[in-house]
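The values are calculated or read from the model by the stated rules, or taken from the named source; none is laboratory data. If you're wondering where the values come from, they're calculated on a predicted model, not measured in any experiment. Virtual Cβ from ideal backbone geometry, glycine too; neighbours counted across all protein chains shown.
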Amino acid sequence: MQFRSPTFLVAATLAITACAPDLPKPNPSDPLVGCWSGEDFQPVFQRKAKWFMNRKPDGTFTIEFSATERGVELPIQIEEGKWSHKDGGYTTLTLRVAGNSIDPKDPQYTDTYEVKSIADGLFTYYHPKMKLAFTSKKVACERGAA
């Protein structure tokens, strides 16, 4: 059964979002606010991927992942959600993938990292569950800056 009613879609989105874990809003002057890019192995894609993340002061984020396979650009995957940075920890909660709402209670959509450093326009963080470290570089927020 497919529901096409905009009212249903809005109600369903609000219901899913209401059940999401509550992350504290970041300080508007948090050093992670803004746009960051990087390139490294991404377990979800099982390959190296580039990312461009925009962390907003209101605690929301958008991230775009791009990857190539045998020299061919794969479709960009866009994820949206909430983020927080507090007490040496950095957490993301993904709420939408490729425009589709997901179940925010599903633990695969919450990532908690240990912040290793934020200095000189570089952000290094470690995902203890995956045993992977990532580094992002602060960049301009204009499209194509990744």
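Listed by first and then second residue, the pairs linking a residue in the range 72-91 that is closer than 12 Å to residue 53 by Cβ to a residue that is acidic (Asp, Glu), with Cβ atoms under 6 Å apart and 6 or more places separating them unless they lie on different chains, are 78/64.
For the condition free of Cβ contacts under 8 Å to residues at least 60 places away in the same chain and surrounded by 20 or more Cβ atoms within 10 Å (Cβ to Cβ), residue 47 does not qualify. Going by what's in this entry, would residue 112 be described as out of contact with any helix residue (DSSP H, G or I) (no Cβ under 7 Å at 6 or more places or on another chain) and either of a type in the set (A, V, I, L, M) or part of a strand (DSSP E or B) (or both)? Yes. Any residue at all in the range 120-138 that's more than 15 Å from residue 38 (Cβ to Cβ), in a strand (DSSP E or B) and within 16 Å of the chain's Cα centre (by Cα)? So far as the range 120-138 goes, no, none of its residues is more than 15 Å from residue 38 (Cβ to Cβ), in a strand (DSSP E or B) and within 16 Å of the chain's Cα centre (by Cα).
Here's the yes/no breakdown for (1) surrounded by 14 or more Cβ atoms within 10 Å (Cβ to Cβ); (2) in contact with a Phe, Trp or Tyr (Cβ under 9 Å, 6 or more places away or on another chain); (3) assigned to a loop (DSSP other than H, G, I, E, B):
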{"residue": "51", "(1), (2), (3)": "yes, yes, no"}
{"residue": "54", "(1), (2), (3)": "yes, yes, no"}
{"residue": "64", "(1), (2), (3)": "yes, yes, no"}
{"residue": "75", "(1), (2), (3)": "no, no, yes"}
{"residue": "82", "(1), (2), (3)": "yes, yes, no"}
{"residue": "85", "(1), (2), (3)": "yes, no, no"}
{"residue": "91", "(1), (2), (3)": "yes, yes, no"}
{"residue": "95", "(1), (2), (3)": "yes, yes, no"}
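Only a single item in (1) buried (at least 19 other Cβ atoms within 10 Å of the Cβ); (2) within 26 Å of residue 118 (Cα to Cα); (3) out of contact with any Phe, Trp or Tyr (no Cβ under 7 Å at 6 or more places or on another chain) is not met by residue 104, and it is number (2). For residue 105, the conditions (1) modelled with pLDDT under 95; (2) assigned to a strand (DSSP E or B); (3) charged (D, E, K, R) all hold with the exception of (2). If you filter the range 34-69 down to residues that are closer than 19 Å to residue 109 by Cα and small (Gly, Ala, Ser), you find that the one that is modelled with the lowest pLDDT is 49. On the basis of being farther than 25 Å from residue 29 by Cβ and assigned to a loop (DSSP other than H, G, I, E, B), does residue 58 make the cut? The answer is no for residue 58.
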